[in-house]
1. So for the range D:64-197, considering every pair of alpha-carbon atoms, how many percent are separated by more than 20 Å?
2. Once phi is turned into θ = phi - 60°, what whole-Hz ³J(HN,Hα) does the Karplus curve with 6.51, -1.76 and 1.60 give for every residue of the range A:39-48, x standing for Gly and Pro?
3. Based on alpha-carbon positions alone, could you give the equivalent ellipsoid semi-axes of the protein assembly as shown from the gyration tensor, as √(5λ), descending, whole Å?
4. On a C-alpha basis, how far is the centre of the range B:184-223 from the centre of the range D:178-193 in Å? Whole number, if you could?
5. Using the Cα gyration tensor of the range B:155-203, with a ≥ b ≥ c the square roots of its eigenvalues, what is the shape: rounded (a/c below 1.5), prolate (a/b larger than b/c) or oblate (neither)?
6. Using a Gaussian network model of chain C whose springs link C-alpha atoms within less than 10 Å, name the residue from C:G189, C:G291, C:G76 with the highest mean-square fluctuation.
7. Any chance you could check the range D:198-238 for residues losing 20 Å² or more of accessible area when the partner protein chains are in, compared with the chain on its own (1.4 Å probe)?
8. Express in whole angstrom the spacing between the alpha-carbon centres of the range C:29-56 and the range A:41-60.
Protein chains: 4
Amino acid sequence: MTDLARLVREIAAEMAGIPERGEVASYIAPLAAVDPSRFGLCVVTAEGEVHLAGDALEPFSIQSISKVFALTQALGKVGEALWQRVGREPSGTAFNSIVQLEREQGIPRNPFINAGALVVADVNLAGHAPRVAIGELLRFVRHLADDDGIAIDEPVARAEQATGFRNIALANYMKAFGNIRHPPELTLGVYFHQCAIAMNCLQLAMAGRYLMHGGLLQPGGARIVSSRRARRINALMLTCGHYDASGDFAFRVGLPGKSGVGGGILAIAPGRASIAVWSPGLNANGNSQIGTLALERLAEATGWSVFGAA
Amino acid sequence: MTDLARLVREIAAEMAGIPERGEVASYIAPLAAVDPSRFGLCVVTAEGEVHLAGDALEPFSIQSISKVFALTQALGKVGEALWQRVGREPSGTAFNSIVQLEREQGIPRNPFINAGALVVADVNLAGHAPRVAIGELLRFVRHLADDDGIAIDEPVARAEQATGFRNIALANYMKAFGNIRHPPELTLGVYFHQCAIAMNCLQLAMAGRYLMHGGLLQPGGARIVSSRRARRINALMLTCGHYDASGDFAFRVGLPGKSGVGGGILAIAPGRASIAVWSPGLNANGNSQIGTLALERLAEATGWSVFGAA
Amino acid sequence: MTDLARLVREIAAEMAGIPERGEVASYIAPLAAVDPSRFGLCVVTAEGEVHLAGDALEPFSIQSISKVFALTQALGKVGEALWQRVGREPSGTAFNSIVQLEREQGIPRNPFINAGALVVADVNLAGHAPRVAIGELLRFVRHLADDDGIAIDEPVARAEQATGFRNIALANYMKAFGNIRHPPELTLGVYFHQCAIAMNCLQLAMAGRYLMHGGLLQPGGARIVSSRRARRINALMLTCGHYDASGDFAFRVGLPGKSGVGGGILAIAPGRASIAVWSPGLNANGNSQIGTLALERLAEATGWSVFGAA
Amino acid sequence: MTDLARLVREIAAEMAGIPERGEVASYIAPLAAVDPSRFGLCVVTAEGEVHLAGDALEPFSIQSISKVFALTQALGKVGEALWQRVGREPSGTAFNSIVQLEREQGIPRNPFINAGALVVADVNLAGHAPRVAIGELLRFVRHLADDDGIAIDEPVARAEQATGFRNIALANYMKAFGNIRHPPELTLGVYFHQCAIAMNCLQLAMAGRYLMHGGLLQPGGARIVSSRRARRINALMLTCGHYDASGDFAFRVGLPGKSGVGGGILAIAPGRASIAVWSPGLNANGNSQIGTLALERLAEATGWSVFGAA
């Protein structure tokens, strides 16, 4: 067993024993029902090794992690023109804040807060029916993960739609500024469904490989995005991937990462590893409490922080 | 001549020819008088090579770049307890905004906006006379740069003091919340003087080496800070080092960096290089326009972005 | 002819000649089509005299003036308990701002900004179908004005509904905080229809009599609200009736008043007169430019300001 | 004994028995030491009758009530040009908020929040030494009250100066925008001293007579300001006189009023009475708790609300 394999197991064992696990998201029933003791970890290395631990094969709702794949898809459609409709700066506010939109005339701060992800969904909709855009995103994620079993959790999608008043507010608010082009309910349909994609840690870490490999699916494999675009998506994950706790995540973990309210985090060590972790309890900022801790531990032990000497 | 030596020269030549150079800071006379055509670049590599180009030996006012050294000094004094008085998150607002302070009860968002740097100066003051704290910082910077010629530009310090009403407002505002411990005018005295330190690109790149070397002054040399602290300072520079354009700098350059209104930028490629660039014209966000461009070009050509595969 | 009759005519003549008339609201076609040269004025005195001038019999869209009648209706339903769901303070922001709602957890500042009026509409809906609530409000206004000819302008209501994204955002946003009790689309249906009530100046001044007569429809007539409630509605009109220009209206005119984006204003001189003015061009704050001027002139000439010696 | 005389006594007796009296201001020692059980009331009628009750002859620190007299003085110096440097709208924020100043470029919302009062003090300073401006204001207030015994409480002024970091911040912040013309410390000197004027209820009610008499010191007496200006000052008191509780005061009391953190309130019933009340305990908005209640009771019993039929 390699050192890394051992480390992944050790971290999983260590995390299992921590009593303070944060609060499971409770705004919709399917998320509230998840057992807070679950923990999964998967590390896919640049050499193609795969290390699993805990509940790494248990699917969970990826929620906002889908914003990374949707952003990649939107950049493929409209390129850098996307940045005329959404910014690239940390917001300094919560994931669902509407204040900044009023001040900045309907232009969201970045593609990873909800407002920005709604603009991205609007780009991906591109005049089609919502199910077409969703189908396209799903095929893209399956391709990245090399796994056709990835699907949308329909009860989650329906529950999001039934309770998502704040997102409905955001979409209509941006529509008032002309920054949502489709009828808001269609754009929201795409958004609520992409958030309901269910994946396990293995699938998620596999899907993140293109961000570790400078845009290639694997070394010598198909190009998903240019190396510059891969770097830039990583940069956005680092500065904006954890909402108003992005600075803290960079400080503690030192890796580009994107969290979801389902308790998952995708983290990228460029040139070294794609990592997925899952633990459903959230900290005060809405990011996985144990998941963040596990990544901090892993980055410390491996020296993978992008801020340290190689 | 090595490839890097050639690249540094090429970039300097290229930058010299760009007509649109931004606006030189005009709020004090000594800065307003600087010639916008100046450009300096210095790269110090992990192996100890030094590459200079343009006006790399011309001193300029480092202004907010001093916040990196002052933060390092304050962490040495009070350690992680510092974070009870200042946050670690991007602000989502301009460098001199006071709005966030009202909402967050006098706790500045991070140590690189002016309010945060004033708290850091207050920590460094530590009950002494301002000149003692300033002397200590100056000795620290001379030590880092291995150059006793570094000094404070007194006319700049005096001009800052005479016109710094917004910083006086910030300090008094935080004093009202109890987050400035000394009489505000003393804390402000430290701050205005640290901003007036004059350095050239060579001195600045040399002073940044400890952040490239995981906390060591040089490989095998004296330890300035722990490797963890060096990583964390780099993380803060990346997420907060360019005020409300930090996301854009991370997106375009991909290196931890700290800018100053004098037109300088210190950028760190961990394990690879410490870089100082200077061009006095500023972009709309108050960061060196040509300096940023030069760093973007350098990072692209060398692959030094922390977000790309090694 | 009495002095007042002559004054009303003089003001109308004077207003007709003013070239700078503001901008007609253009967000929906039926409003954009209104001729900016129109001007109507009606004064109903405490003694029951009625003075008309200009286009005082021409119906216009009363828009936000309906908020006064809807508030009176809601207070009749739930009494002072209403103030648990909506505040009584000037907002310091524009009529359609959403910023304050985030800071104050979905509780609008007052019943005359859009968000507050949506809460009022939600109270008036009271579990019924929107057309029931609308029918009830319409009957109330007809009763107040003693005119069964008052009706809703359906094309205006439809146009509001088709373009009212910002109001849809406000309603959904407050729904997320639990401060809208019905499905937002139903509450919005009530709101869009109440704004589309069409009245002329005579009808509007007649409808405002209860606020002049301390809550009575007319001296010795039916009691609409208690005298205390009439005073309080007047107080709210004075402090909040002109959005973020309420202070200016109080300063210049000195009467409780409520403006609408259709160019109408209802103003009350307690114990003396109920006044309706209409001129469709709006000033920068969204209030009738010529209408405000006419009221300033009238209040100056009559000494009706509530701030002057009787 | 007239009905009014009896009413004033009854209210004083009633107020004495109320156990919940709010919190006495504690930010400076001289205010913190005041006995919360004190209560004074003085009503001066249009006919010149004077009714006193309770501690009406006990001097207290008028604090922000001085802003009314200072505004009157400044309007006398620069007339309506004052409104280019300060607004006339309710702020929607606390008395010492700095947020609005950043958004609106150093122009305070109205002359009764601290920032606005600092601009007014800067106008009154007019190039002279602070003691000259203060002397002039003191003479003006003595003239209005017809009492040369009114003086500044020096220990209060010194305590304000020693702890007024938030006001120092406000002044320097506006100086940065050019909206304070003198050195901030001089303007602050005027402000801190005007707040420290000590008056009793009799003196205060006498000093407010010109606002009841349409600008005359007394019927047939000297003109202090034009009737229009008197109306306008009353309008500002009503919309802005109680900070972010101005709407509530208008709703409950219905009279123009200005409160101070010392527990005093000056209220004007135009054409009828000038009223001063004092009770040092403050409510959550910083206005006298018992004082507001007493005025509510008085206005209800007399029908003096400006919003009711005469």
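The values are calculated or read from the model by the stated rules, or taken from the named source; none is laboratory data. As the structure is a computational prediction, the values presented were derived from the model and not from experiment. Reconstructed Cβ throughout: ideal geometry from the backbone, glycine too, with neighbour counts over all protein chains shown. When the accessible area is computed, the model is the full protein with side chains, heavy atoms only, and any ligands, DNA or RNA have been set aside. Shrake-Rupley method; radii C 1.70, N 1.55, O 1.52, S 1.80 Å.
1. Roughly 40 percent, once rounded to a whole number.
2. 8, x, 8, 9, 10, 10, 8, 4, 7, x
3. Working: eigenvalues 670, 304, 137 Å².
Value: 58, 39, 26 Å, ordered largest first.
4. Centre-to-centre distance over Cα atoms comes out at 38 Å.
5. prolate
6. It is C:G76.
7. Residues shielded by partner chains are D:R228, D:R231, D:R232, D:A235, D:L238.
8. 74
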